[in-house]
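Some notes on the structure that comes next.
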Amino acid sequence: MKISVQPKLIKWITFGEKIAAIAIFPFILLAHHKYQENKVLINHEKIHLRQQLELGILLFYIWYGLEYIIRLIQFKNKHIAYLNISFEREAFKNDENLEYLSKRKLFSFTNYLRVK
């Protein structure tokens, strides 16, 4: 894993969306150097790296995109759709637990597929 501050690349990848970071195996790209010390944010992105390893990078992003479209149809709101993607739900629920990845079981994101 390599952490790199790449604000222009993030903006290009996300079509101009304002985000703090993105994980693209094996990199964590940050929008600003101030995020380098944010352990919760880095852990969130590390969870995404693990998800990418499990599925493979291409399948991860295909699944992520399809699930986002499904959630967008379901919720009719971009932000709520994003928050309900299974990969994001797992990462947000566990990003404050800095020991999570050491205990995480394979394909744990599947526990977050069903929106309650």
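Read-outs: derived from the displayed coordinates by stated rules, not from any lab. Since we're looking at a predicted model, the values are computed, not measured. Glycine also receives a Cβ, built like all others from the backbone with ideal geometry; neighbour counts cover every protein chain displayed.
Below are the figures for this structure:
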item: Long-range HN-HN contacts of Ile3 with modeled amide H, under 5 Å; result: Ile28
item: Peptides ranked, highest mean first, by Cβ atoms within 10 Å: ranges 40-49, 67-76; result: 40-49, 67-76
item: Three-way shape label, the chain, alpha-carbon gyration tensor, a/c 1.5; result: oblate
item: Extension reserve of the Ile62-His79 stretch, reckoned as 0.36 nm per residue once the Cα distance is removed; result: 4.2 nm
item: Modelled FRET efficiency - R0 30 Å, Glu54 with Ile13, Cβ distances, 0.05 increments; result: 0.90
item: Kyte-Doolittle mean at least -1.0 and Cα axial length at least 20 Å: DSSP H helices in the chain; result: 39-55, 57-75
